[in-house]
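First the structure, in the form of structure tokens, and then the observations on it.
The values are calculated or read from the model by the stated rules, or taken from the named source; none is laboratory data. This one's a predicted model, so the numbers in the text were calculated from it and none came from an experiment. FYI the Cβ positions are ideal-geometry reconstructions off the backbone, even for glycines, and counts take in every protein chain you see. When the accessible area is computed, the model is the full protein with side chains, heavy atoms only, and any ligands, DNA or RNA have been set aside. Shrake-Rupley method; radii C 1.70, N 1.55, O 1.52, S 1.80 Å.
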Amino acid sequence: MIKPFEWKNGKVVWLDVSRLPHEEVYYESSDLERLAKAIERMEVRGAPAIGVFAALSFAATIYNKEFKNIEELLKYSNKVIDRLSRTRPTAYNLFWALDRMKNTLHNAIKITDNINEIKKILVNEALQILNEDIEQNMKIGRIGSELIEDGDVILTHCNTGSLATAGYGTALGVIRAAWEQGKNIKVIATETRPLLQGARLTVWELVKDGIPVTLITDNMIGYVMSKQLVSKVIVGADRILLDGHVINKIGTYTIAVLADRHKIPFYVAAPTSTIDPKTTIDNVVIEERDPNEVRTVLGKVYITVPNVPVLNPAFDITPPELVKAIITEKGVIHPPYNQNIRRILKVK
Ligand code: MRU
């Protein structure tokens with residue numbers, strides 16, 4: 001299994017997925033600004049991966065710094081959380097992981113004033129978050145694979161595999177698990193403009209695993225569905241609201257509408273750390289990225305008139321009525337989501 005990052009000698013090591021599939025380049029750092037830039041530049045991307053990477057970054061920056069006292073450590077930890085929180089606004093796992101690290105720090109301070117002890121507790125917690133993510137993805141895979149039948153052709157969007165998580169993947173984890181069980185399945189991957197996560201990353205992962213994959217451009221989805229070339233859709237999520245709205249890579253909503261039109265089941269696979277118990281549909285923040293991502297192909301070739309006004313929302317919102325079920329590590333959640341998501345999260 002590809003693991004896109006790890007903890008090594010007090011530093012975070014990561015594979016720069018923005019350069020795949022052409023180059024496999026690894027970086028390592030414990031510098032706050034460099035680690036934050038890795039998320040902003042999408043060297044590390046995908047909601048669960050961003051969360052785990054942020055937890056490791058929090059631990060690494062604190063682990064490598066000298067503090068005179070607890071107050072100084074607390075002040076610095078706030079600076080780290082503030083900087084990492086400003087990297088990408090939509091992926092909920094980022095905020096979930098930083099909250100968990102902050103709580104761990106505050107609990108550690110209650111039991112010890114030994115700074116080295118506290119540093120060790122933080123490193124262990126970040127590694128725990130990393131290992132849990134892989135375990136949860138394997139569970140999502142096992143649970144979700146029960147919905148997959150021999151002969152299925154599954155359309156997936158963006159990249160939700162090992163490269164978008166700590167390993168194995170969510171939607172791609174379901175596909176991977178079904179394949180490992182010997183099910184005869186095929187995948188249609190959408191290229192996912194503007195940054196081509198489907199063409200660059202999903203295809204790369206599936207080819208490595210020997211899972212049959214066909215690549216289409218985003219504007220072919222309606223045609224392939226109308227020709228009955230797709231039997232199921234499975235996508236991931238960047239944030240899921242308690243009422244079942246799913247925020248995911250731009251284009252997901254279009255796929256859900258088309259799937260509904262063609263009576264193709266549309267599934268979402270995500271860990272419960274992607275479910276945001278507080279945000280409502282009125283205050284979701286959709287990340288707006290650099291217009292040059294749309295004006296060019298991967299920043300290299302201009303495909304339009306320079307400076308033409310551009311819209312570049314990185315995510316869209318799929319309403320609950322278009323989602324057949326949400327596959328989590330705690331089980332499959334069916335509608336009515338308002339009730340059933342709360343039950344699984346144990347919130348009111
Ligand atoms: O902009 P990205 O590449 O970070 O967007 C990623 C997605 O939209 C994924 O579908 C989502 O994070 C789920 S990854 C398991």
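Just a few scattered comments:
- Cα gyration tensor category, rounded, prolate or oblate, for segment 137-199 with a/c compared to 1.5: oblate
- Listed by chain and number, the aspartates and glutamates placed with their C-alpha closer than 15 angstrom to that of K346 are D243, D276, E329; residues fewer than eight positions away on the same chain are left out.
- Global form of segment 5-138, assessed from the alpha-carbon gyration tensor, a/c cut-off 1.5: prolate
- Net dipole in debye of segment 1-116 [+1 Lys, Arg Cβ; -1 Asp, Glu Cβ; about Cα centre; nearest 20]: 220
- Bins of 5 Å from zero: percent of alpha-carbon pairs in segment 190-348: 2, 8, 16, 18, 18, 16, 12, 7, 2, 1, 0
- Fraction of the pair-distance distribution of the chain above 38 Å, Cα-Cα pairs, percent: 15
- Surface exposure of the chain, expressed per residue as accessible area with a 1.4 Å probe, stands at 44 Å².
- Of all beta bridges that DSSP places with both ends in the chain, some 55 percent have antiparallel geometry.
- Of the listed residues H334, H245, H262, the order by accessible area with a 1.4 Å probe, largest first, is H334, H262, H245.
- In this structure, L311 and D243 have a Cβ-Cβ separation that, at R0 = 25 Å, corresponds to a calculated FRET efficiency of about 0.45.
- Put a dot 7 Å past the Cα of L298, heading toward its Cβ, do the same for D260, and the two dots end up 3.5 nm apart.
- Taking the Cα centre of segment 122-260 as reference, the dipole from Cβ charges on Lys and Arg (+1) and Asp and Glu (-1) amounts to some 380 debye.
- For the chain, the longest principal axis of the C-alpha atoms and the axis of helix 47-63 are separated by about 10°.
- Portion, in percent, of the accessible area of segment 5-138 that falls on carbon or sulfur, probe 1.4 Å: 45
- Angle in degrees between helix 252-261 and the longest Cα principal axis of the chain, rounded to the nearest 10: 30
- Taking the accessible area of segment 230-327, probe 1.4 Å, and keeping the other protein chains in place, the carbon and sulfur fraction comes to 57%.
- Exposure rule at most 13 other beta-carbon atoms within 10 Å, DSSP loop GluC sites (Glu not before Pro): the chain longest free segment: 150-348
- Charge dipole (Cα centre; +1 on Lys/Arg Cβ, -1 on Asp/Glu Cβ; no other charges) of segment 7-63 amounts to roughly 100 debye.
- Spatially proximal aspartates and glutamates relative to K75 (Cα-Cα < 17 Å; intrachain offsets below 8 disregarded): D31, E33, E66, D99, D113
- M220 accessible area, assembled protein chains, probe 1.4 Å, Å²: 80
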